[in-house]
Ligand code: SF4
Ligand code: SF4
């Protein structure tokens, strides 16, 4: 992919022009996850600006794009109003599509999929179903099981999904978006 194509791709997928970043570092200074990242957000912007295939791959294979919480601190602080959370979102999609996900992303992806499949099937988040699906996907069967009795006694978990009026509409949204990809 030529240099310009990479910048265009990011612009098209995220609606963000990374060339406007002037590397002030305010995003990185305010990023709550910077210490968990292999490349902090300002460096991700710089790698994308270079537009080389090699740097684009580095970004797609990075841990950073998966540990980003989309908290928008960076976006709030950026003097250029660069929407880094949207860039991160677009990069995650691209990384998945190209099979370049970081090894640490496995559980995060399993969580995302379990969450979305419960919303799709029950119309809203059903925590017990999500937890069961997440455990099956990760085979980490005993993680946090000690917390279940307390959560049940406080009514934080529902054994069965609650009935929801707009369930069919939620399914339709999935059919028109996620299932179309
Ligand atoms: S705060 Fe904005 S301009 Fe500054 S480095 Fe981050 S993205 Fe670039
Ligand atoms: S949205 Fe992501 S990159 Fe931006 S501050 Fe939050 S965790 Fe950091």
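A short reminder: the numbers here are calculations on the coordinates, not readings from a lab. The shown structure was predicted, so the numbers you read here are calculated from the model rather than taken from an experiment. Cβ: placed from backbone, ideal geometry, glycine included. Neighbour counts: every protein chain shown.
Run the Debye formula on the Cα coordinates of the stretch 3-101, all scatterers equal and no solvent, and tell me log10 I(q)/I(0) at q = 0.12 1/Å. For the requested q values the scattering log ratios are -0.31. Rounded to the nearest 500, the helix-only mean residue ellipticity at 222 nm of the chain stands at -16500 deg cm²/dmol, with each DSSP H run of n ≥ 4 adding -39,500 (n - 2.57).
Mean projected area of the Cα convex hull of the stretch 33-83, taken over all directions, amounts to 3.5 nm².
In this simple spin-label model, placing a label point 7 Å from the Cα along the Cα-to-Cβ direction at both residue 22 and residue 98 gives a separation of 3.0 nm.
Based on the Kirkwood approach, the hydrodynamic radius assigned to the stretch 104-180 is 13.5 Å, with every pair of different Cα atoms included. Counting only Cα atoms, the size of the chain along its three principal axes is 52, 35, 30 Å, in decreasing order. Taking other C-beta atoms within 10 Å as the exposure proxy, 37, 139, 12 rank 139, 12, 37 from fewest upward. Once the C-beta distance of residue 61 and residue 170 is scaled by a Förster radius of 30 Å, the resulting FRET efficiency is 0.35 to the nearest 0.05.
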